[in-house]
Amino acid sequence: GIGSFVEVYQIDEPRRLLTQTYLNHAHNDWLELWFTAGVPGILILLWMALAIGARASTILQTSLEKTRGVLFARLGIIVLALCSFASIGDYPLRTPSLSCVFVIACLWLCGPPDWRAKNAGAS
């Protein structure tokens, strides 16, 4: 399951790598997700990627009107892409600060594209 990388890796660890130190994570978040969560983890990841992709497509196809909501949503797309690419060679989202940045980027992306229009009717 999730968080079991060390124990699972030790089962099949090559003898030539046995030392006093140990690997605490795979240096690839995507592979570690596959190793520790299996097919259910990959399916959840694919569902999340499709949802983010659909929302990103909607945001990128909006008019060129640069409202605050659209700009933050586009910034969220950039931050999510950078974190995703960084996860190929390392595990940046395991640090609390970058995990928080990732969540904020998700909130920016999923926020209303024109928050002024929605809030203008409420006042």
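Couplings 3J(HN,Hα) of region 44-54, computed from phi: 5, 4, 4, 4, 5, 5, 5, 5, 5, x, 5 Hz, in residue order, whole Hz [Karplus 6.51 cos²θ - 1.76 cosθ + 1.60, θ = phi - 60°; x for Gly and Pro]. Legend: calculated FRET efficiency, residue 31 to residue 68, from the Cβ-Cβ distance at R0 = 30 Å, rounded to 0.05, equals 0.20.
Each reported figure results from applying straightforward, stated rules to the coordinates on display, with no laboratory input. This one's a predicted model, so the numbers in the text were calculated from it and none came from an experiment. Note that we place each Cβ from the backbone using ideal geometry, even for glycine, and neighbour counts take in every protein chain shown.
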